[in-house]
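The values are calculated or read from the model by the stated rules, or taken from the named source; none is laboratory data. In this text, all values refer to a predicted model and were calculated from it rather than measured experimentally. As a convention, Cβ positions derive from the backbone with ideal geometry for all residues, glycine included, and neighbour counts pool all protein chains shown.
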Amino acid sequence: MIRALTFHTVTCDVCGDKEDEEIILFDTPEIAADTARRSGWLVTADHRVICPTTDRPHRAALDALLPPPPDAEATGQLTFDTDPST
Ligand SMILES: [Zn+2]
């Protein structure tokens with residue numbers, strides 16, 4: 001009998017596959033994502049995956065996922081460049 005089987009693997013979007021790493025197969029993408037999260041990997045809702053390596057490229061990828069910083073200026077607040085006498 002010849003039949004097709006489908007499995008899912010987890011690969012870091014930053015560092016990709018490593019040749020010397022064992023490939024782990026999962027039955028569903030949900031099980032793959034849950035297993036990766038339990039191992040300290042970040043898995044986003046749109047299935048972007050970042051491993052827990054803390055080098056500069058991984059930190060940059062994590063920073064890119066963060067929302068923009070909030071507007072620090074309140075309504076009516078004067079900036080340092082504003083002269084209040086004018
Ligand atoms: Zn990685």
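Of note:
- Test result for Asp17, within 16 Å of the ligand (Cβ to nearest atom) and modelled with pLDDT under 95: yes
- Tally, over the range 11-42, of residues that are without any contact (Cβ under 8 Å) to a residue 24 or more places away in the chain, closer than 21 Å to Pro67 by Cα and in contact with an Asp or Glu (Cβ under 9 Å, 6 or more places away or on another chain): 0
- Exclusive hit being in contact (Cβ under 8 Å) with a residue 24 or more places away in the chain, at negative phi and not acidic (Asp, Glu), set Arg48, Arg56: Arg48
- Test: residue in the range 50-58 that is within 14 Å of the ligand (Cβ to nearest atom), at pLDDT 95 or above, outside any loop (DSSP other than H, G, I, E, B) and more than 9 Å from the chain's Cα centre (by Cα): yes
- Considering the range 1-10, and only residues there that are within 28 Å of Leu66 (Cα to Cα) and β-branched (Val, Ile, Thr), the residue that is farthest from the ligand (Cβ to nearest atom) turns out to be Thr9.
- Any chance Asp63 is acidic (Asp, Glu), surrounded by 13 or more Cβ atoms within 10 Å (Cβ to Cβ) and within 16 Å of the ligand (Cβ to nearest atom): no
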